[in-house]
Amino acid sequence: MPSMTIAENIAAVRARMARAAQRCGRDPAEVALVAVSKTHPAEMVRQACQAGVTTVGENYIQEARDKIAALADCPLSWHFIGHLQSNKAKYAVDLFDLIHGVDSLKLAREIDKQAAKFGKIQPILIQVNISGEATKSGTTEEAALALVLEAGRLEHLQVRGLMTMPPFFDQPERARPYFAALRRLRDRIRAEAIAGVDMAELSMGMTGDFEVAIEEGATLVRIGTAIFGPRE
């Protein structure tokens, strides 16, 4: 895929993001694009960087490690958006600026322990399985506040908000209730004014439904296919 195509794809996605924000009276600058590059080569990520992308999302530790090394000269922030196992926490802390999918106190404690070794405060998002699907990772909506409270007490973590993946629908509108539910949950947790917890971020929305997610309050949208094309 030539760089011009990736650049055009990014421009088109950004235009759609801006229109979605404006439709609901939001400042488009409130919504950040996370370009999801899993299975796509580092050279494509470089082209995205040259087209103005500043944040890249990766799902797999080893693949991300190789790309981060190959793209060390690119001014990129790297986010881990996959399912993180506790035994990989040390690698995630070493490589990533934000970990999106923290879904248990066990994982939060392990990330905190590893962050202490790096002398780092690790920003994280709490992943909520807002749909209750058995195949999805994430804490339950009911347990989310307790997890935020416990994670917020850990010295080397900073809880920055929530993340979710709704069920897959061919019609983006059908995802809206799940995005709205996550926003309401974020607002309830924010109202608790928990010390050391900053509920600024809502990571929700992908290629098929990101405009609806923005209309419901997303601050981070995770876009892969619309930028890089189908997975390799």
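Read-outs throughout are calculated quantities, based only on the coordinates presented, and are distinct from any laboratory measurement. For clarity, every value in this text was computed on a predicted model and none was experimentally measured. We place every Cβ from the backbone using ideal geometry, glycine too, and count neighbours over all the protein chains shown.
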Worksheet entry | Filtered residues of region 166-222 (kept if closer than 25 Å to Ala146 by Cα, of a type in the set (Asp, Glu) and out of contact with any strand residue (DSSP E or B) (no Cβ under 7 Å at 6 or more places or on another chain)) | Asp187, Glu192, Glu216
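Could you look through region 160-177, keep only residues that are in a helix (DSSP H, G or I) and either without any contact (Cβ under 8 Å) to a residue 40 or more places away in the chain or of a type outside the set (D, E, K, R) (or both), and pick out the one that is surrounded by the fewest Cβ atoms within 10 Å (Cβ to Cβ)? If you could, list the steps in order and put the result at the bottom.
Of region 160-177, the ones in a helix (DSSP H, G or I) are 172-177.
Subset that is either without any contact (Cβ under 8 Å) to a residue 40 or more places away in the chain or of a type outside the set (D, E, K, R) (or both): 172-175, 177.
On the way: Pro172: 17, Glu173: 9, Arg174: 14, Ala175: 25, Pro177: 13.
Per the stated criteria, the residue is Glu173.
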Discussion item. Tell me the residue from Arg188, Arg183 that is within 16 Å of the chain's Cα centre (by Cα), of a type outside the set (Asp, Glu), in a helix (DSSP H, G or I) and more than 21 Å from Ser77 (Cβ to Cβ), please.
Written reply: Arg183
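For every residue, the table says whether it meets (1) in contact with a Gly (Cβ under 9 Å, 6 or more places away or on another chain); (2) under 29 Å from Ala51 (Cβ atoms).
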| residue | (1), (2) |
| --- | --- |
| Pro75 | no, yes |
| Trp78 | yes, yes |
| Lys117 | no, no |
| Val128 | yes, no |
| Ala146 | no, no |
Fill in: Of residues in region 1-43 being of a type in the set (Gly, Ala, Ser) and assigned to a loop (DSSP other than H, G, I, E, B), the one surrounded by the most Cβ atoms within 10 Å (Cβ to Cβ)
Ser37
Worksheet item: Only one of (1) hydrophobic (A, V, I, L, M, F, W, C); (2) over 28 Å from Glu63 (Cβ atoms); (3) in contact (Cβ under 8 Å) with a residue 40 or more places away in the chain is not met by Phe228, so which one is it?
Response: (2)
